[in-house]
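Remarks on the structure that follows.
The values are calculated or read from the model by the stated rules, or taken from the named source; none is laboratory data. Since this is a predicted model, take the numbers as computed values, not measurements. Every residue, glycine among them, receives a Cβ derived from its backbone with ideal geometry; neighbour counts consider all protein chains shown. Just so you know, the surface numbers come from the protein's heavy atoms only, side chains and all, with ligands and any DNA or RNA stripped out. Shrake-Rupley method; radii C 1.70, N 1.55, O 1.52, S 1.80 Å.
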Amino acid sequence: HIDHVQISVNETLGVENRGAYYDHAGAMRDMLQNHLLQLLCLVAMEAPVRFDADSVRNEKVKILQALRPITSMDVQDKTVRGQYTAGSVGGHTAPAYYFEKDVDNDSDTETFVALEVEIDNWRWAGVPFYLRTGKRLAKKTSEIVIQFKPVPHSLFSDSQANHLLIRLQPEERISIELMAKTPGKGMHLQPVELEINLAQVFQDSRRWEAYERLLLDVIENDSTLFMRRDEVEAAWTYVDSIIDAWAADGDSSKPYQAGTWGPVASVAMITRDGRSWNEFE
């Protein structure tokens with residue numbers, strides 16, 4: 001019933017004071033290898049036999065091992081690298097990446113990356129995952145969109161496929177968009193949301209910061225949220241093959257203006273498949 005999945009982690013900040021590090025890492029190593037692949041694993045993994053650290057991490061490793069490698073043969077179609085140029089973010093002028101502090105003026109390091117990822121297992125075969133992350137984008141947001149397939153035969157011309165949205169930042173909420181009949185004569189549909197806003201539902205509870213949770217897990221010897229060695233190795237094996245394919249391909253990062261949603265090529269990558277990136281509210 002699922003057409004595809006989108007995972008986006010977008011930032012408005014530049015490299016700030018991390019230029020010396022970032023110029024040798026880039027968006028692929030800095031964000032996609034850990035943050036986005038972790039979200040992909042949590043969405044795609046099978047339910048563990050028990051809710052303990054080893055059982056959860058076993059299922060995540062299976063997903064990473066099932067990722068179809070992206071080689072030099074398909075790196076142009078399945079990946080997009082970008083680097084921001086001068087622009088405006090949130091009403092403030094932003095310099096081009098190569099003018100940031102401690103960044104090489106001739107740098108080709110990517111500050112944006114988008115991938116079309118395929119998982120070769122029985123559950124997800126034929127369902128693409130579209131991943132994207134970048135700096136100096138129009139809005140800071142982290143979200144997962146599970147796009148359902150349209151009905152086999154639509155009785156109504158204005159019908160759209162439903163989707164499930166899991167928003168992680170800036171607010172935590174879960175919503176599903178459904179088609180509902182508008183009041184009045186005739187059968188006219190429009191999308192409406194059924195939403196759980198976690199900040200409102202639990203407004204009387206203190207929200208933990210990310211590292212508070214992790215530090216408490218360390219104290220309590222709970223490693224469920226931590227990556228295991230074989231999980232790290234599987235993630236790097238997948239990412240390194242893409243980086244090697246980029247090097248063999250020789251194509252440079254595509255420019256995008258700061259304050260936009262990344263290179264035009266990232267839009268073309270998903271529209272070629274008859275799909276589109278979710279529009280942020």
Fill in: Yes/no for THR224 being surrounded by fewer than 16 Cβ atoms within 10 Å (Cβ to Cβ) and not in a helix (DSSP H, G or I)
yes
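So which residues in region 46-91 are assigned to a helix (DSSP H, G or I) and more than 16 Å from GLU231 (Cα to Cα)? Give the steps one after another, and end with the answer.
Quick first cut of region 46-91, residues assigned to a helix (DSSP H, G or I) only: 53-66, 75-78.
Passing the criteria: VAL75, GLN76, ASP77, LYS78.
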Worksheet item: Could you say whether any residue in region 238-258 is within 30 Å of GLU100 (Cα to Cα), open to solvent by 80 Å² or more (accessible area, probe 1.4 Å), at pLDDT 95 or above and outside any helix (DSSP H, G or I)?
Response: yes
Discussion item. Looking at region 59-114 only, could you name the residues that are crowded, with 16+ Cβ neighbours inside 10 Å, farther than 27 Å from GLU233 by Cβ and in contact with a helix residue (DSSP H, G or I) (Cβ under 6 Å, 6 or more places away or on another chain)?
Written reply: GLN83, TYR84, GLU100, VAL103, SER107
Practice prompt. Return only the number of the condition from (1) surrounded by 16 or more Cβ atoms within 10 Å (Cβ to Cβ); (2) within 25 Å of LEU13 (Cα to Cα) that VAL264 does not satisfy.
Written response: (1)
Fill in: Number of positions in region 141-189 that are exposed (fewer than 14 other Cβ atoms within 10 Å of the Cβ), in a loop (DSSP other than H, G, I, E, B), among the hydrophobic types (A, V, I, L, M, F, W, C) and in contact with a strand residue (DSSP E or B) (Cβ under 7 Å, 6 or more places away or on another chain)
2
Discussion item. I need every pair where a residue in region 101-127 that is under 26 Å from GLN6 (Cα atoms) has its Cβ under 6 Å from the Cβ of a residue that is among the β-branched types (Val, Ile, Thr) and crowded, with 21+ Cβ neighbours inside 10 Å, sequence separation at least 6 or different chains.
Written reply: ALA114/VAL80; LEU115/THR79
